[in-house]
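As structure tokens, the structure follows; a few thoughts come after it.
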């Protein structure tokens, strides 16, 4: 069993928490199901990540994160400043997860 290191793990958790905060702010003005779904999936992933550091477990979910959080929600982006920030955080998280897993 190979684990990502504690620093990498905490950075990933921090990135997801920041993403969730941005989505919460967006939802104050936009009550769409799309943002609700985006927030729920980010929260589910955060719960999973908080309990897992094993490279293989994280690899199995890496594709899901890329497909569900980035590509799906990126294609539905608006041009608002917060939505641009949300997309940047999604990409940052997905890229960091991929890099951290490959460096184990």
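The values are calculated or read from the model by the stated rules, or taken from the named source; none is laboratory data. As the structure is a prediction and not an experimental result, all values here were calculated from the model. In this analysis, Cβ positions are derived from the backbone assuming ideal geometry, glycine residues included, and neighbour counts consider all displayed protein chains.
At-a-glance table
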item: Index of the failed condition, residue 27 passing every other in (1) farther than 24 Å from residue 101 by Cβ; (2) in contact with a strand residue (DSSP E or B) (Cβ under 7 Å, 6 or more places away or on another chain); result: (2)
item: Those helices (runs of 4 or more DSSP H) lying entirely in the stretch 1-87 with at least 1 residues modelled with pLDDT of 90 or more and surrounded by fewer than 12 Cβ atoms within 10 Å (Cβ to Cβ); result: 6-29, 33-50
